[in-house]
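Just below is one structure, and these are the notes that go with it.
The values are calculated or read from the model by the stated rules, or taken from the named source; none is laboratory data. Note that this is a predicted model, so its numbers are computed, not measured. Don't worry about glycine lacking a Cβ; one is built from the backbone with ideal geometry, like all the others, and counts go over all protein chains shown. Side chains are part of the model used for accessible areas, which takes the heavy atoms of the whole protein and leaves out ligands, DNA and RNA. Shrake-Rupley method; radii C 1.70, N 1.55, O 1.52, S 1.80 Å.
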Amino acid sequence: MNESVGLTICAALTDYMYITTYRGNTQKTIELFDGELKEHPVVKSEKYRLGTEIGIIPSEKYLGPIDLTTDIIEDYIRNMSYIIEDDIKLTFIGEKNPEDKPKKRKYFTHEYSAQGLGAAVKYLSSSLEFPPIEAKYCADDYDISIAFSYDRTLDDTAIASFGNYVITTEGGCHEMIATRAICDFFSREAKRQEPNAKYEVAFDDCKKGLVLAVNLEHIAPKFEGQHKTKVSNNEIIPEAKKGLYGVIYKVMNNNPQLMKKIITYLRQIARARHESKKIRGVAVKKTTTFLEDAEIDKYFTVSNRNSTGYKELFLCEGD
């Protein structure tokens, strides 16, 4: 598919659109208004800038009423701040009261600097077991970066994933690669450290409570879905999983105290899993009659359960 199709569709669905490119001390702007393209001459500027600026007014004729709130925009910019380069800054400028007359309008400005994937993990959970661990594997055609921690209050995983500056809400191969590399490493490491442990750490124990952020940058990304929300570069799975596994190995070997803390945490999860199986395996005692109760040695019956003042006491264990 032609790479300009997306831009063409965006232009067709706008009432107004402009693109300004900055190249050092020069800039150039093109405008598209009601299907008519206007090209402005190159302008020199004293300020040195690099980059591209795009502005659009969506067409209500084709898209209907547009309800794009500041929350939606800021949420998107926040996600981008996890994966942009350190020297990039994102600025969001908005009107406080758009209904005011032009001369009375007031504006707000929110700036976002690069935060890294660790910030995404902290956003997903406020009760992490330890600060996010970051790792990155670089291949010839792609880089895959991760940050992860654990939250014992979660029954499953919590994942934020990105692919070539797209928020991949449907996941894809990069999520699977990261999850497998992390869970394989810790389940094998727990086995290596204590081969005859009473509570063996399984793959699913390593998934439980995993809080993960993953970003894939590929020179030829493959996406699925109408909105490109799933990565499908499945050909990289074997190499990427092995490479990321090796990077995690190096990171954890350089921090043995943290390694010990994680293995201890995972053993607690494994123990809870084994104990829950025991509880599920206990046979439920059937309800007995008064005559059957009378035959049980040292069983004291209640003479009249419906009398005034009857009470029951339950002895329980746990919260």
* Only one of (1) within 16 Å of the chain's Cα centre (by Cα); (2) surrounded by fewer than 22 Cβ atoms within 10 Å (Cβ to Cβ); (3) over 25 Å from Thr70 (Cα atoms) fails for Cys138. Which number is that? -> (1)
* State yes or no: is Ala197 of a type in the set (A, V, I, L, M) and buried (at least 22 other Cβ atoms within 10 Å of the Cβ)? => no
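Taking the options Glu170, Glu189, name whichever one is in contact with a Ser or Thr (Cβ under 7 Å, 6 or more places away or on another chain) and either open to solvent by 20 Å² or more (accessible area, probe 1.4 Å) or more than 28 Å from Ile73 (Cβ to Cβ) (or both).
Exactly one residue qualifies, and that residue is Glu170.
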* Asked: Any idea which of Leu50, Leu13 is touching a residue at least 24 places away in the same chain (Cβ under 8 Å), closer than 22 Å to Leu90 by Cα and in contact with a Phe, Trp or Tyr (Cβ under 7 Å, 6 or more places away or on another chain)?
  -> Leu50
* Could you please let me know if Met176 is in a helix (DSSP H, G or I), in contact (Cβ under 8 Å) with a residue 60 or more places away in the chain, open to solvent by less than 10 Å² (accessible area, probe 1.4 Å) and within 23 Å of Leu117 (Cα to Cα)? => no
* Candidate set: segment 83-107, residues that are at pLDDT 85 or above and part of a strand (DSSP E or B); chosen: the one farthest from Asp71 (Cα to Cα) -> Lys89
* Complete set of residues in segment 250-267 that are of a type in the set (Lys, Arg) and over 17 Å from Val201 (Cα atoms) -> Lys250
